[in-house]
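What follows is a single structure, written as structure tokens, with notes after it.
The values are calculated or read from the model by the stated rules, or taken from the named source; none is laboratory data. Quantities reported herein were computed from a predicted structural model and do not represent experimental measurements. Virtual Cβ from ideal backbone geometry, glycine too; neighbours counted across all protein chains shown.
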Amino acid sequence: MGTTREKSPKRPKRRAVAPADLLGQVAGALPGFLPSQRWFGSRARSIAGATVADYAPVPQSAGILAMFEITYVDGGKEAYLIPVLPGGKAAPFVDAMTDSVFCLALVEQVRLGARLAGRHGAFCARFTDAFGDILPEPPCETVPIRGEQSNTSVIYDGRAILKLLRRLEPGMNPDYEIADALTRHSTFRGVPRLAGVITYEDRDGWVATLAVLREFVPNQGDAWTATQARLQEYYVAAVEGLGAEQPAGEAFARTLAAADAVEARRLGALTGRLHMALASESLGPDFLPEPIRASDLADWLVGMQSQLDRVMGVVAAALSGLPGPTRDLAQSFLNDAPRLRDDLATLRALEGEGVAKIRVHGDYHLGQVLRSGEEFVIMDFEGEPARPLSERRSKQCALKDVAGMLRSYSYAAQSALIHAAETGASGAGLPARLRPWAEAWEEGVRAGFLEGYLEETWRRGAPFLPRGREALDAALRAFEVDKALYELAYEINHRPAWVRIPLEGLRRATFRAAQTAVHRAQTDKGPFHFVACLELREFVGVRAENERQLAERIEEVPLDSIYYHTHGFFLRHRFVAGTYPNDFATWVAVQVRDRVLGERLAMVEPAEFADLQSLREELVSVIDDHLRVLQIDPGALFGEPFDFIESHIVEIPTGVTVRSLQEFRDALLDIDVSAVYFHLVEARMRLGRGQNDFAAWLERGLGLSRLAARVRAVDPYAGSMERARTRLIQLCDEAIAEGSAS
């Protein structure tokens, strides 16, 4: 929800009419009125009629809070909230949400905690402890939000925003429920605070959420709009690079993509903190994590595969009407049905992993995130409006939200590509030329988002994620495919010009699955694929001036920063690691001139620790012991302070594939040393594979157990990556001379 606004129009003169008479006129007019309203979700159904369910006049206004039951020709029924005002000559009624006086009166009911009696129940307004801080005085100005579809929102004095829910279902709406829990029972502040709520309660116990009042966060618009603007700049730079012999534009484009990956990492970290908050016991019994049972997986999988079958039918029926290139993609999709079914079945990877289900956002994408200065704010916890409220309130696998955001990044890249092709002047071949750039951008932001998310969750032992990376990747793939299928059905029915986007997503999902299988294990019999890597860095915003501060900061910075300054040290010092083989030891020895502590920190071997938290604790312990003896805090009086940095790794396929020991040995001579780092360090530590990729492939791919044991024993921290490369080649030469005996 961005900040596009329009002032409320002048109020026409109202004619006096009794509430019951007015609502009778409204009910008769609704079959013609509703199909033209953006918030009416059943425009494809024929309305048979409407009746008044209940209503209450709103004090200090001429408006009425009214609920109507809409019946359809197909026999279905829905309840809608339609506040009304008496109309004029042109129409019997006016939607009261367009009237400033009514909107001000409505929020005043929240301030008063009012209970408005209806014929069958009551309209109940409640405020929270945050109300007085958010709206310390009665507001004077209302500004309606344009562009919403399923609800209607109004901003009050730029401080609060009221969202009126139009289609009503029995039960507590998750947008209220989750905002209330996070506001009152957590320290997570990545969502606007809840100020109040309006509910309806009838005499039989039927309860529905009517409106949610929250803090309004000043913002620069939603992340989707901002991302589209940056992608246009990225594609322009890429086009300039395509036409240059020494493409400065290409370098600029890659800089933009790297910056977007860093920003995606920040959003991933915020998402991780949200899920950790939603899994917290402090939110109360309704939010407690519960084990994902075999019955849950079975139900989810049945739903996913049923959706696949439905979408296959929709695509087959629409196939002949699709343009040529899109029709080819659609035909490939139909041909890939068995593989897609297998991709969905990877959800079973969660079996036996002890994973918990939690409350989630449910409809997570870039449009649900606001940019507020340098921060992100997460909005709208309703879930997918088309799904039943009971499903939207149910506990789910957290990876559903992750998959939703990853698909949103894919949509952003492809929709911006469509726009660039429509507005560019570089010929009909532009989309094909830019597609690799789109895919490279997407891979970078995917990697960034996942890295930030896993740093805050998986590496902290989150109960809602599998501990094995293979299981996590497999389950995530199932949720991504399921989301892309949902998108495909939507686009065929509503935006045929965009059908290509989810089709491309499904094609790339199957490709990515194959690549993941290769990169993940390198354990099956078959070729070995070398992967290089690129490190994207970001300053944490924390520095240390002396050794005491160094210990304190090590305790509080993200674990990824610990990784960067220890394990990651060897990626940056490829040829000579030096006497002090981590950044902490180097700074203490060189900048503080405390060689004793520098040597002690240099003796901390990163590989000896099973996880980064244990490594962190050891580093702090070494510094504390040293300072306890000194009883002073040596500082960088003549040197630079220590700036903490974190990073994430972007995988870069090299295209180098080997099938024999000799080919493996020869490739080691030529590949970029970052590939040595990736397969020796990154694969074992950050990717959680348990051993280096080289040893795994030599043993399981070539059956060379003895050589694999020797390669497994290569210590990448004992010198430099080039030294490790030399040692690997030496071991291969020895094995070849011995006849490659196992």
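List of remarks:
- Matching residues in the stretch 97-111 - criterion: being over 19 Å from residue 166 (Cβ atoms) and in contact with a helix residue (DSSP H, G or I) (Cβ under 9 Å, 6 or more places away or on another chain): 111
- Within the stretch 35-50, residues that are among the aromatic types (Phe, Trp, Tyr) reach partners that are part of a loop (DSSP other than H, G, I, E, B) with beta carbons closer than 6 Å, at six or more positions or on different chains, in the pairs 39/150; 39/166.
- Looking across the stretch 340-352, the residues that are at pLDDT 90 or above and not aliphatic (A, V, I, L, M) come down to 341, 342, 343, 346, 348, 351.
- The number of residues in the stretch 460-487 being surrounded by fewer than 20 Cβ atoms within 10 Å (Cβ to Cβ) and either assigned to a helix (DSSP H, G or I) or of a type in the set (Lys, Arg) (or both) comes to 6.
- Close pairs (9 angstrom Cβ cut-off, 6 or more residues apart or separate chains): under 12 Å from residue 623 (Cα atoms) and in the same structural domain as residue 568 (by TED's automatic domain parsing) in the stretch 585-596, of a type in the set (Asp, Glu) and not in a helix (DSSP H, G or I) anywhere: 588/594
- Single residue of the stretch 67-96 satisfying the filter (in contact with a Leu (Cβ under 6 Å, 6 or more places away or on another chain) and hydrophobic (A, V, I, L, M, F, W, C)) that is farthest from residue 212 (Cα to Cα): 94
- Test for residue 214: is it under 23 Å from the mean Cα position of the chain (by Cα), within 23 Å of residue 375 (Cβ to Cβ), of a type in the set (Lys, Arg) and crowded, with 22+ Cβ neighbours inside 10 Å: yes
- Those residues of the stretch 670-693 which are surrounded by 19 or more Cβ atoms within 10 Å (Cβ to Cβ), free of Cβ contacts under 8 Å to residues at least 40 places away in the same chain and assigned to a helix (DSSP H, G or I), in sequence order: none
- Taken as a whole, the stretch 560-577 holds at least one residue that is buried (at least 21 other Cβ atoms within 10 Å of the Cβ) and more than 31 Å from the chain's Cα centre (by Cα).
- Every residue from the stretch 694-717 that is loosely packed, with under 14 Cβ neighbours inside 10 Å and without any contact (Cβ under 8 Å) to a residue 24 or more places away in the chain: 709, 713
- Residues of the stretch 696-718 classified as part of a helix (DSSP H, G or I) and either outside the structural domain of residue 606 (by TED's automatic domain parsing) or among the hydrophobic types (A, V, I, L, M, F, W, C) (or both), total: 7
- Of all residues in the stretch 155-166, those being closer than 18 Å to residue 194 by Cα and buried (at least 21 other Cβ atoms within 10 Å of the Cβ) number 7.
- Note on the stretch 719-740: among residues that are small (Gly, Ala, Ser), out of contact with any helix residue (DSSP H, G or I) (no Cβ under 8 Å at 6 or more places or on another chain) and outside any helix (DSSP H, G or I), the one that is farthest from residue 675 (Cα to Cα) is 739.
- Among the candidates 573, 519, 529, 565, the residue that is at pLDDT 90 or above and closer than 25 Å to residue 262 by Cα is uniquely 565.
- Cross-chain or 6+ apart pairs with Cβ under 6 Å, the stretch 128-150 first and of a type outside the set (A, V, I, L, M, F, W, C), then assigned to a loop (DSSP other than H, G, I, E, B) and modelled with pLDDT of 95 or more: 139/157; 141/157
- In the set (1) among the polar types (S, T, N, Q); (2) modelled with pLDDT of 90 or more; (3) within 30 Å of residue 444 (Cβ to Cβ), the condition left unmet by residue 660 is number (3).
- Taking the stretch 283-331 as the range and being without any contact (Cβ under 8 Å) to a residue 60 or more places away in the chain, surrounded by 12 or more Cβ atoms within 10 Å (Cβ to Cβ) and within 30 Å of residue 184 (Cβ to Cβ) as the test, only 288 passes.
- Restricted to the stretch 119-154, and to residues there that are touching a Ser or Thr at 6+ places or on another chain (Cβ under 7 Å) and among the β-branched types (Val, Ile, Thr), the residue that is surrounded by the most Cβ atoms within 10 Å (Cβ to Cβ) is 154.
Listed here are the residues, each with its yes/no results for (1) surrounded by fewer than 16 Cβ atoms within 10 Å (Cβ to Cβ); (2) within 36 Å of the chain's Cα centre (by Cα); (3) at negative phi.
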{"site": "51", "(1), (2), (3)": "yes, no, yes"}
{"site": "56", "(1), (2), (3)": "no, no, yes"}
{"site": "64", "(1), (2), (3)": "no, no, yes"}
{"site": "68", "(1), (2), (3)": "no, no, yes"}
{"site": "78", "(1), (2), (3)": "no, yes, yes"}
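- Any hit, the stretch 651-662, residues being in contact with a helix residue (DSSP H, G or I) (Cβ under 9 Å, 6 or more places away or on another chain), outside the structural domain of residue 443 (by TED's automatic domain parsing) and in a helix (DSSP H, G or I): yes
- Residue 623 vs. criteria surrounded by 18 or more Cβ atoms within 10 Å (Cβ to Cβ), part of a helix (DSSP H, G or I) and touching an Asp or Glu at 6+ places or on another chain (Cβ under 8 Å): yes
- When the stretch 163-180 is filtered for residues that are assigned to a helix (DSSP H, G or I) and either out of contact with any helix residue (DSSP H, G or I) (no Cβ under 6 Å at 6 or more places or on another chain) or outside the structural domain of residue 53 (by TED's automatic domain parsing) (or both), the ones remaining, listed by number, are 175, 176, 177, 178, 179, 180.
- Unique match (being within 22 Å of residue 501 (Cβ to Cβ) and of a type outside the set (Gly, Ala, Ser)) among 399, 389: 399
- Restricted to the stretch 591-603, and to residues there that are among the aliphatic types (A, V, I, L, M) and either at pLDDT below 90 or not in a helix (DSSP H, G or I) (or both), the residue that is surrounded by the fewest Cβ atoms within 10 Å (Cβ to Cβ) is 603.
- Of 377, 402, all but one fail to be buried (at least 17 other Cβ atoms within 10 Å of the Cβ), on the phi < 0 side of the Ramachandran plot and not in a helix (DSSP H, G or I); the exception is 377.
- Residue within the stretch 537-549 that is surrounded by fewer than 19 Cβ atoms within 10 Å (Cβ to Cβ), in the same structural domain as residue 677 (by TED's automatic domain parsing), at pLDDT 90 or above and part of a helix (DSSP H, G or I) present: yes
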